[in-house]
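Data first, discussion second: the structure below is written as structure tokens.
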Amino acid sequence: MRRVTAPALVLGMAGLLATSFSAQAAAGNSRSHTDSYGTKAVYQPEQSSRSYQKAPAGFTPVFTENVSRHGSRAATDSSDGDLILALWTKAQAEGQLTAKGREFGPKAQALEAAMSTVGYGDLSARGKEEIHDTAVRMAKRLPTLFASIAKNKEPVDVVSSGQVRAVDSANLYGAALAETDPGLTSLIGSTRTDKDLLYFHKADGGAAYRDYIANDQRLASTLKTVTDQPKTHSAARDVLKKLFKPAFVDRITAGEFASIGTDVEAATAVYNLYAIAPAMSEESPGGKGWGMDRYISARDADWFGYVSDVEDFYEKGPGFADSDITYKMADVLLDDFFEKVEAKRDGTSDLGAELRFTHAEEIIPLAALMGLPGSTQGVTVDRPYTYTSNAWRGAAVAPLGSNIQWDVYRKGSTYLVRMLYNEKETAFKAGCRPVSKGSKFYDLNELERCFGRTGSNG
């Protein structure tokens with residue numbers, strides 16, 4: 001979670017945000033526990049393939065393509081563990097730990113050691129399983145397609161952002177597909193890198209976006225309002241009181257240890273360990289989990305999960321309703337989806353499948369650009385993002401291993417597209433007309449019209 005230091009706007013937003021969150025908690029959101037993990041939520045397919053619609057009569061699958069976030073991973077660095085364990089060591093030396101605090105230190109140290117062993121930012125055992133199992137399910141959903149790919153020797157293109165966890169995910173996915181049918185092995189290409197396509201937030205196409213993140217005062221002020229409001233400090237104190245005796249918490253809050261971290265930074269570090277722990281579950285003692293939920297209440301985890309979602313919403317998602325700066329750069333990826341299907345239709349490609357592997361920084365803006373469920377509503381400064389007023393949730397939009405897939409079916413010269421979002425059949429955005437009411441299948445010509453493309457020259 002980025003530390004925001006820009007001046008806050010005086011808009012009465014803090015009270016609105018806290019009141020809204022309290023109302024949502026009181027209402028008992030059924031997704032609340034999962035939501036608290038934000039985009040660190042571990043992957044689960046959203047629908048059983050047994051309940052998928054059948055393609056219209058006479059249509060057979062001829063192509064599939066996806067984009068997938070890498071699987072569950074270790075934290076990208078040790079900063080959270082370093083921060084909270086530095087405070088823990090001081091408290092231990094002064095006899096200022098609670099009973100839970102005495103438990104916490106060794107567990108946090110063990111979790112950090114496990115992540116260091118896996119490799120910071122690298123796939124965990126769970127992440128490898130997520131990717132493997134997602135690939136196997138793809139093959140089982142489309143048995144006739146992959147049999148045809150193997151029979152007709154159609155290439156399978158595999159491309160990643162070039163980051164280690166994305167490359168590893170790509171390689172694991174391809175290997176898992178080959179396990180389902182050895183005839184695919186020689187057809188699955190070596191993973192190639194395309195940063196412009198799959199790491200666009202750091203490529204040339206993301207220059208304006210990076211300037212927005214670094215310099216936009218409206219963004220900074222909005223994030224500051226959430227981060228520095230009384231509710232956040234209250235939640236931080238609740239978190240720290242589980243680990244440290246009240247006098248020590250008072251000293252943290254007073255800034256005595258500012259060189260290590262503030263109260264909010266310290267509590268955020270505890271939250272971040274809680275959030276990443278499920279992704280590292282198989283590395284825990286006996287594979288039984290790390291028990292990090294013992295050190296943060298469900299209510300406080302929900303709050304810090306919301307704070308994390310606020311940052312992702314404004315920095316990567318729908319953001320402000322009067323701007324597309326956070327997601328316009330995903331055009332390159334959506335264009336690639338269309339171009340691959342159009343090339344198949346036009347006979348200029350013999351690919352059987354296109355497999356892409358990337359990051360939350362690409363999945364989230366693509367979801368907003370495409371108008372996927374939960375990613376359709378931007379906000380204004382005076383009516384900011386809250387859980388009660390907006391459906392966007394990081395845990396639903398881009399959990400670890402999240403994916404978007406287009407399956408292409410053909411009958412004669414007609415091509416239909418069915419979209420899966422985290423393996424759930426998903427309608428295209430409002431204004432796109434399916435082949436029949438309630439159908440999840442769309443004529444490619446209709447999608448080109450709906451998304452403002454002009455045939456194969458789109």
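The values are calculated or read from the model by the stated rules, or taken from the named source; none is laboratory data. The model shown is predicted, which means the values in this text are computed figures rather than measured ones. Here the Cβ positions follow ideal geometry from the backbone for every residue, glycine too, while neighbour counts run over all protein chains shown. Accessible surface is based on the protein model in full, side chains and every heavy atom, while ligands, DNA and RNA are left aside. Shrake-Rupley method; radii C 1.70, N 1.55, O 1.52, S 1.80 Å.
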Rounded tilt (10° steps) of 263-276 against the dominant C-alpha axis of the chain: 40 degrees
Other-chain or far-sequence residues with amide H under 5 Å of residue 358's (modelled H): 68, 69, 70
Principal-axis tilt of helix 13-27 within the chain, Cα atoms, nearest 10 degrees: 70 degrees
The chain: radius of gyration over Cα atoms, expressed as a fraction of 2.2 N^0.38 Å: 1.03
Whether segment 160-252 is rounded, prolate or oblate, judged on the alpha carbon gyration tensor where a/c under 1.5 counts as rounded: oblate
Virtual spin-label span in nm between residue 49 and residue 210, 7 Å along Cα→Cβ: 4.1 nm
Cα shape, segment 252-393, gyration tensor, a/c 1.5 rule: oblate
Cα-based reach from residue 195 at 20 Å (exclusive), listing lysines while leaving out same-chain residues under 8 positions away: 316, 328, 340
Given charges at beta-carbon only (K, R positive; D, E negative), |dipole| of the chain in Debye: 1120 debye
Efficiency of FRET from Cβ geometry, residue 181 and residue 102, R₀ 51 Å, rounded to 0.05: 0.45
Prolate/oblate/rounded call for segment 102-214, Cα gyration tensor, a/c under 1.5 rounded: oblate
About the Cα centre, charge dipole magnitude for segment 154-295 (Lys/Arg +1, Asp/Glu -1 at Cβ), debye: 800 debye
Within segment 34-83, trypsin sites (Lys or Arg not before Pro) in DSSP loop having at most 15 other beta-carbon neighbours inside 10 Å: 54
Nearest-ten-degree value, helix 331-346 long axis tilted from longest Cα axis of the chain: 20 degrees
Nearest-20 debye value, segment 90-221 charge dipole, Cβ charges on Lys, Arg, Asp, Glu: 280 debye
Accessible-area ranking of 288, 195, 107, largest first, probe 1.4 Å: 288, 195, 107
Fraction of accessible area attributable to carbon and sulfur, the chain (%, probe 1.4 Å): 50 percent
Length added when fully stretched, residue 424-residue 93, from 0.36 nm per residue minus Cα-Cα: 114.0 nm
Helix-only mean residue ellipticity at 222 nm for the chain, each DSSP H run of n ≥ 4 adding -39500 (n - 2.57), per residue, nearest 500: -14500 deg cm²/dmol
Other-chain or far-sequence residues with amide H under 5 Å of residue 75's (modelled H): 121
Cleavage-rule hits (chymotrypsin sites (Phe, Trp or Tyr not before Pro)) in segment 114-179: DSSP loop, at most 16 neighbouring Cβ within 10 angstrom: 120
Top positive-direction residue, dipole computed over segment 297-402 with Cβ charges, set 313, 389, 325: 389
In Å², nearest 10: area of residue 209 left accessible to a 1.4 Å probe: 20 Å²
Spin-label model distance (nm) - residue 256 vs residue 136, 7 Å beyond Cα toward Cβ: 5.4 nm
Straight-distance crosslink candidates among lysines, where the alpha carbon sits under 23 Å from residue 241 and sequence neighbours closer than 8 are dropped: 90, 100, 107, 231
